[in-house]
Amino acid sequence: MVSQCDLTLKAVTVNWFQLQQAQVVSLPVNHQSLCENAKLYEPGQRYIDFVRSLPADVPSLDSLSFDSPVSQGIG
C-alpha cells in the first residue's frame, strides 16, 4: 500500500511539474500577445462604438430639461 502511494505521489508530482513547465514555456508568447493587444487599444473607442450604434430616435441628454420645478409633495 505504501509503495502504491509512493508511485501515485511520484506520478502526480512529475505531471504537476510538467504542467508547470508547459505553462512557463507559453508565458512569453502570451505576454507578447497581451502587449500587442494593449498597443492597439484606443481609449474610449468601445464607448464611441456603442453610442454610434444607438438608434437615432432616442433623445439625447442635451434635449432633456432638468430645470423644470419638482413638486415637493410635502404638506
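Since every read-out is calculated from the coordinates, none of them should be taken as a lab result. Please read all numbers here as calculations on a predicted model, not as lab measurements. Every residue, glycine among them, receives a Cβ derived from its backbone with ideal geometry; neighbour counts consider all protein chains shown.
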Neighbour-limited loop hits for chymotrypsin sites (Phe, Trp or Tyr not before Pro), the range 1-59 (at most 10 other Cβ within 10 Å; DSSP other than H, G, I, E, B): Tyr41
Using the beta-carbon distance between Asn30 and Thr8 and R0 = 30 Å, what value does 1/(1 + (r/R0)^6) give for FRET efficiency, to the nearest 0.05? 0.45
